[in-house]
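Structure, as C-alpha cells:
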Amino acid sequence: MPIRYLVLNLAMYTLLGMSHVTLMPVFAKDILHGNSGTQGLLMSTVGIGALLGSMFLASRKNIRGMAQRLFLLGAIYSIVLISFAFSSSIAFSMFLMLFIGLSGMMTMATTNTLIQSVVSNEMRGRVISLYTMAFSSMTPFGSLLMGSLSSRIGARYTILACASVFLIWSLNGLRFVPRFLRAILRMLVISDNTEVYRVKPLSAELQT
C-alpha cells in the first residue's frame, strides 16, 4: 500500500501539478504583461524555493513525520498554484513561486526518501524504476494536457482545474494517514531499517 500510493501520488503531482511549467511563458507575457525576463524571475524563485526545501530535508536526521508531511505538501502545493493562477502582480507571483518550488521539491525528495527507506534491497531496483517511470512518463502527458486545456479554457482556468483535482486527491489522502503510517512502520521492520525512524524498536509499537 505505501509504495503504491507513493508512486501514484508522484504521478498525479507530475501530471497535474509540475506540468504548469508548460504555461509559464503565457503567464509571464499575457497575464503578468512581462517578457522573457519576467519568466526568468519566476523560474528563479522556483529554484530558490527548491533549494530551501532540499536544505530542510537534508537537515533531517530521520524520516519521522515525513509520511504525514507528504499529504500536506500536496494540498499546500495545489492551493498556492491556484493562487498563482489568478495573481496579476509579478511580485506576488514570485512570492508564490517560492512556495511552489519548496513544496514541489519536498514532494519529490520525500517520496524518494520514503521509498528508499522502506523497500527491501531485493526489490529496490524494481521499485525505483517505477518511481522513475511515474515521474518521467507523466511529464509529456502533463504538458499535452495543459496545452490542450489552455487552448480551450485559457491558462488560468487550466491551472485552476488541474490544481483543484490534485487538491482533492491530496485531501482525500489525509483520510489514510494512520493506516499509511502503520504500513510504513511495518515495512521498516521487515526491511530491518528501523533506525531511520527512531531509536526505540518499532516491533513493540506495532503490537499496541
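None of the figures in this text is laboratory data; all of them are computed from the coordinates on show. Every value quoted in this text rests on a predicted model; they were computed, and no experiment measured them. Because the Cβ atoms are built from the backbone with ideal geometry, glycine has one as well, and the counts that use them run over all protein chains shown.
Counting Lys and Arg as +1 and Asp and Glu as -1, each charge on the Cβ, what is the dipole of the chain about the Cα centre in debye, to the nearest 20? Display every interim value, and only then the final one.
Details: 16 positive and 5 negative charges, 85 e Å.
Dipole size: approximately 400 debye.
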Where does helix 2-12 land angle-wise versus the long Cα axis of the chain, in degrees 0 to 90, nearest 10? 10
Under Karplus coefficients 6.51, -1.76 and 1.60, residue-wise ³J(HN,Hα) of region 58-67 in Hz, glycine/proline x: 5, 7, 6, 8, 8, 9, 4, x, 5, 4
Provide Ile159, Ile168, Ile90, Ile63 in ascending order of the number of other Cβ atoms located within 10 Å of each residue's Cβ, fewest first. Ile168, Ile90, Ile63, Ile159
From fewest to most C-beta neighbours within 10 Å, the residues Leu15, Leu57 line up as Leu57, Leu15
Kindly provide the pair-distance distribution of region 1-55 built from C-alpha pairs, with 5 Å bins from 0 and whole-percent values in order of increasing distance. 4, 17, 16, 19, 18, 12, 7, 4, 2, 0
Arg64 versus Ile153: modelled label distance in nm, points set 7 Å from Cα along the beta carbon direction: 4.3
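Semi-axes of the equivalent ellipsoid of the chain: what are they in whole Å, largest first, if each equals the square root of 5 times a C-alpha gyration tensor eigenvalue? Spell out each step's value before the answer.
Numbers: eigenvalues 237, 57, 42 Å².
Computed over the chain, the values are 34, 17, 14 Å.
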So what J values fall out for region 156-164 if you push phi through Karplus, 6.51 cos²θ - 1.76 cosθ + 1.60 with θ = phi - 60°, rounded to Hz, Gly and Pro as x? 4, 6, 5, 4, 4, 5, 5, 5, 5
Computed label-point distance, nm, for sites Phe141 and Leu181 using a 7 Å Cα→Cβ extension: 3.2
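What percent do you get for the relative contact order of the chain when only Cα pairs under 8 Å and 6+ apart count? The partial results should precede the final answer.
Working: 245 pairs, mean separation 73.7, N = 208.
Dividing the mean separation by the residue count of the chain yields 35 percent.
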